[in-house]
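Asker: Sharing a structure with you now.
The values are calculated or read from the model by the stated rules, or taken from the named source; none is laboratory data. This structure is a prediction, so every number in the text was calculated from the model and none was measured. Note that each Cβ is placed from the backbone with ideal geometry, even for glycine, and that neighbours are counted across all protein chains shown. Protein only, heavy atoms only, side chains kept; ligands, DNA and RNA dropped before computing areas. Shrake-Rupley method; radii C 1.70, N 1.55, O 1.52, S 1.80 Å.
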Amino acid sequence: MEETKKEKFTRLAEARTNAALKQIALLGNLANTSNYEYDQYDVDKVLKTLRAAVNELEVTFKGDAKAKKFSL
């Protein structure tokens, strides 16, 4: 039986969301000051960028998309 569009969405959404959550957890590992050095500006920029990406995701599901790249 062929996969429906809903089934395909569910399969991909689960996989991609789990992958994104894993990457966010890996970002959290950067808080370890024994291994990394950063300042509040760096942290604020990362968090602001992630919040903006989530906001853009919401806009995308409403039909308006913009792709951006992140750099410090």
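Asker: May I ask you to give the solvent-accessible area per residue for the chain, in square angstrom, as obtained with a 1.4 angstrom probe?
Answerer: Dividing the accessible area of the chain by its residue count gives 96 Å².
Asker: Using a 1.4 Å probe and counting only protein heavy atoms, arrange 8, 62, 45, 22 so the residue with the most accessible area comes first. All intermediate terms of the calculation are to be shown ahead of the outcome.
Answerer: Details: 8 105, 62 170, 45 60, 22 130 Å².
The ranking, largest first, comes out as 62, 22, 8, 45.
Asker: Just subtract the alpha-carbon distance of residue 30 and residue 4 from 0.36 nm times their residue separation and send over the number in nm, one decimal.
Answerer: Values: separation 26, 0.36 × 26 = 9.36 nm, distance 3.98 nm.
Taking 0.36 nm per residue and subtracting the Cα distance, the gain is 5.4 nm.
Asker: I'd like the FRET efficiency for residue 14 and residue 42, computed as 1/(1 + (r/R0)^6) with the beta carbon distance as r and R0 of 35 Å, rounded to 0.05.
Answerer: That pair, residue 14 with residue 42, gives E of 0.65.
Asker: Lysine pairs, Cα distance under 26 Å, 8 or more residues apart or cross-chain: how many in the chain?
Answerer: Qualifying lysine pairs in the chain: 24.
Asker: Work the Kirkwood hydrodynamic radius out for the chain: mean of 1/r over every pair of different alpha-carbon atoms, inverted, in Å.
Answerer: One decimal place: 14.7 Å for the Kirkwood radius.
Asker: Let me check something: with ligands and nucleic acids excluded, how do 14, 37, 56, 3 order by accessible area (1.4 Å probe), largest to smallest?
Answerer: Descending accessible area places them as 37, 14, 3, 56.
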